[in-house]
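Notes follow the structure.
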Amino acid sequence: MLPFTSDQFLANLVSDNEAIWPVQLAAFAIGVLAVALLFWRPRMADRLIAGILAVMWLWTGVAYHWLHFTEINKAALIFGASFVVQGAMLAYVGVVRGQLRFGSGSGPAASVGIAFVAYAAVLYPLLGIWTGHAYPEMPVFGVTPCPVTIFTFGFFLLAKPPMSRWLLAIPFIWSVIGGSAAFFLGVPQDWLLLVSGVVAVFLVVAYHREADWKA
């Protein structure tokens, strides 16, 4: 059983969205920028993409989990810490060390990655509206955990080998936690989250293992 009701969860989302407006617009803008950088390849493209993902995870950990979700679920203290750790890892590995490289690519992993990115940024909010939870009573792209996780999985599927497998751990754990909770909270747009974790980890590991064999 969850320590809060569906109504409390939705009310908490409303409170969060109203408190941070218009950060949602900035989050969508940098998300679009990350996608554009896959095709428009300036010198710092990979570091910028990693930095955008890091900002999303850090923001969600602090502003969503710690400052809002803790009001109805004290476990959000732990959730927030895990998101901050993931953001820090993305910043270190991808921005400081420059060890994350992205590309539009081809093959199953890239195709699923593009689908996840499109789902998180476009289809996710549309599905929320269609199922009766329009803004502000909805998780918003770039500033709430589930769309951030799906979006990140999309980019991990578009990452070129080698990529640290540790970067998959926290998003996978959240895909199980957040995806399971979606069934109890009536948030159908989050149902893909459960699938995304399993599919992304399998495809990333398989793709990178194949690259290792060819090297």
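The values are calculated or read from the model by the stated rules, or taken from the named source; none is laboratory data. Keep in mind that what you see is a predicted model, and the values were worked out from it rather than measured. To get the accessible areas, we keep the full protein, side chains included, count just its heavy atoms, and leave off ligands, DNA and RNA. Shrake-Rupley method; radii C 1.70, N 1.55, O 1.52, S 1.80 Å.
Computed quantities for the displayed model
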| read-out | value |
| --- | --- |
| Principal semi-axes in Å for segment 1-112 [√(5λ), Cα gyration tensor, largest first] | 30, 15, 14 |
| Accessible area in square angstrom per residue, the chain, 1.4 angstrom probe | 47 |
| Segment 83-215 - percent relative contact order, Cα under 8 Å, separation 6 or more | 28 |
| Cα shape, the chain, gyration tensor, a/c 1.5 rule | prolate |
| For segment 65-81, 3J(HN,Hα) per residue [Karplus equation, 6.51 cos²θ - 1.76 cosθ + 1.60, θ = phi - 60°, Hz, x = Gly/Pro] | 5, 6, 8, 10, 5, 5, 5, 10, 8, 5, 5, 5, 4, 6, 4, x, 4 |
| By accessible area with a 1.4 Å probe, ligands and nucleic acids excluded, highest first: order of Lys74, Lys160 | Lys74, Lys160 |
| Fraction of accessible area attributable to carbon and sulfur, the chain (%, probe 1.4 Å) | 73 |
| Residue-averaged 222 nm ellipticity for the chain, from DSSP H runs of 4+ at -39500 (n - 2.57), nearest 500 | -20500 deg cm²/dmol |
| Gain in span if fully extended, Val85 to Gln99, counting 0.36 nm per residue against the direct Cα distance | 3.3 nm |
| Stretchable slack from Phe183 to Tyr135, in nm (0.36 nm times residue separation minus alpha-carbon distance) | 15.3 nm |
| Span from the segment 128-184 Cα centroid across to the segment 72-96 one, whole angstrom | 13 |
| Approximate shape of segment 88-215 as ellipsoid semi-axes (Cα gyration tensor, √5λ), whole Å, largest first | 27, 14, 13 |
| Euclidean distance of C-alpha centroids, segment 1-30 and segment 100-122, integer Å | 26 |
